[in-house]
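Asks: Provided herewith is a single structure, encoded as structure tokens, for subsequent inquiry.
The values are calculated or read from the model by the stated rules, or taken from the named source; none is laboratory data. Because the structure is predicted, anything quoted here is derived from the model rather than measured. Positions of Cβ are backbone-derived with ideal geometry, glycine not excepted, and every protein chain shown enters the neighbour counts.
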2 protein chains.
Amino acid sequence: MRIPSHIGIIPDGNRRWAVSKGMTKEKGYTEGLNPGLVLFKLCQGIGVKEITYYGFTTDNTKRPSEQRKAFTHACIDAVNMLSKEDASLLVVGNTNSSMFPKELLPYTNRKTFGNGSMKVNFLVNYGWEWDLNNLKLADKSKRNIHNNIKSNDVSRVDLIIRWGGRRRLSGFLPVQSIYADFYVIDDYWPDFKTDHFFQALKWYNEQDITLGG
Amino acid sequence: MRIPSHIGIIPDGNRRWAVSKGMTKEKGYTEGLNPGLVLFKLCQGIGVKEITYYGFTTDNTKRPSEQRKAFTHACIDAVNMLSKEDASLLVVGNTNSSMFPKELLPYTNRKTFGNGSMKVNFLVNYGWEWDLNNLKLADKSKRNIHNNIKSNDVSRVDLIIRWGGRRRLSGFLPVQSIYADFYVIDDYWPDFKTDHFFQALKWYNEQDITLGG
């Protein structure tokens with residue numbers, strides 16, 4: 001079976017999950033922590049080299065403050081949790097903003113935990129415009145794009161898996177996602193099942209890889 | 001019914017269609033012309049304001065020369081065909097390359113044909129790197145991305161419809177596609193049916209629009 005080197009995870013549907021359970025929207029985020037850890041271990045088990053979690057974006061911070069606080073805390077908890085695993089961990093996002101949690105500043109340079117076997121990227125207060133604006137500072141004579149964006153330490157993504165049924169990227173790493181295969185799971189992220197992951201891998205295994213050629 | 005303002009069209013599967021009919025791959029492209037015109041008229045009929053066709057990319061030009069010639073000619077024919085309709089027509093792509101057909105140079109400034117009611121963009125020798133590299137020439141003090149890319153006259157895309165079953169963007173307008181809803185049709189582009197379009201619209205009508213918020 002062909003295993004993607006780099007998997008992007010869009011863990012959507014936390015708020016809709018909470019509402020479906022009769023809870024207020026912000027209660028959905030903590031339910032996403034355990035699925036994130038299970039998914040990490042599944043990726044580790046099959047030899048995925050890199051995984052990127054879509055934590056929250058600069059767009060998301062416009063939501064009501066109870067929600068903003070809840071998803072920010074869930075991201076802090078998730079990164080701390082992953083730092084107890086074998087991971088080469090990096091948090092990527094705009095730190096020049098009060099929306100960036102100071103608890104995660106130590107992770108904005110890649111750090112190895114345990115044997116650091118897998119690259120794990122966590123997007124926190126990430127913005128696609130923030131990412132691409134770095135190109136305005138680049139050397140005009142060089143043609144490469146990827147080396148010159150803010151998220152240059154995040155590799156090209158092979159497979160994006162999005163939970164919660166929406167079929168869109170919502171600003172997720174536009175440059176690294178150019179050639180990515182995109183698999184959507186209708187269930188909400190807190191309803192994560194290991195079978196979702198294997199469905200996505202099975203589908204990915206049937207795709208051809210052309211990189212636009 | 002909520003009608004998308006701007007629809008992106010990825011007309012994929014021409015080569016697979018040809019092979020499935022026992023023909024050589026390059027024979028598939030001319031079969032895509034009529035579907036393109038039918039789709040134009042459907043969009044016009046329901047009041048879509050803008051449509052963008054994915055003609056060919058700089059990545060595609062690495063294919064065998066018979067294929068390259070065939071898709072280039074199909075694009076020339078398609079643009080000439082659309083210039084007989086009511087359209088405000090623009091061809092977008094890298095003209096500083098021998099791969100750009102000189103027949104289409106007159107269309108690289110937007111031109112109105114008939115009453116020009118609908119904006120029609122046609123990507124020809126388009127490259128996402130070519131598009132984004134323009135940011136390196138931009139004023140660093142300005143934060144806007146869209147105004148500073150080569151394809152700045154192409155608006156944000158609401159709905160992308162891709163024929164041929166692949167679930168990926170393959171370099172299609174990365175900036176304008178950031179928030180786009182993405183609908184995939186398994187049939188090959190030459191097997192276009194009007195019902196495909198109405199399926200996509202029906203699905204789009206059920207999506208919420210958050211622009212990442």
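Asks: From (1) modelled with pLDDT of 95 or more; (2) under 16 Å from A:Leu132 (Cβ atoms), pick out the condition that doesn't hold for B:Arg143.
Replies: Tallying (1) modelled with pLDDT of 95 or more; (2) under 16 Å from A:Leu132 (Cβ atoms), B:Arg143 fails exactly one: (1).
Asks: Can you pull out every residue in the stretch A:182-197 that is closer than 16 Å to A:Lys41 by Cβ and loosely packed, with under 13 Cβ neighbours inside 10 Å?
Replies: A:Lys193, A:Thr194, A:Asp195
Asks: Quick one: which strands (runs of 3 or more DSSP E) lie wholly within the stretch A:97-202 and hold at least 3 residues that are more than 14 Å from chain B (Cβ to nearest Cβ) and touching a residue at least 12 places away in the same chain (Cβ under 8 Å)?
Replies: A:111-113, A:118-126
Asks: Are there any pairs with C-beta distances below 8 angstrom linking a residue in the stretch B:39-60 that is part of a helix (DSSP H, G or I) to a residue that is among the basic types (Lys, Arg), with the two at least 6 apart or on different chains, and if so which?
Replies: Within 8 Å, the pairs are B:Asn60/B:Arg68.
Asks: Only one of A:Ala70, A:Ala87, A:Ala78 is closer than 18 Å to A:Thr108 by Cα, touching a Ser or Thr at 6+ places or on another chain (Cβ under 8 Å) and crowded, with 21+ Cβ neighbours inside 10 Å; which?
Replies: The conditions single out A:Ala87.
Asks: How about the stretch B:1-38: which of its residues are among the small types (Gly, Ala, Ser) and not in a loop (DSSP other than H, G, I, E, B)?
Replies: Selection gives B:Gly8, B:Ala18, B:Ser20, B:Gly28, B:Gly32, B:Gly36.
Asks: Sticking with this structure for a sec: If you check A:Thr52, A:Thr24, which single one turns out to be surrounded by 19 or more Cβ atoms within 10 Å (Cβ to Cβ) and not small (Gly, Ala, Ser)?
Replies: None of the others qualify; the one that does is A:Thr52.
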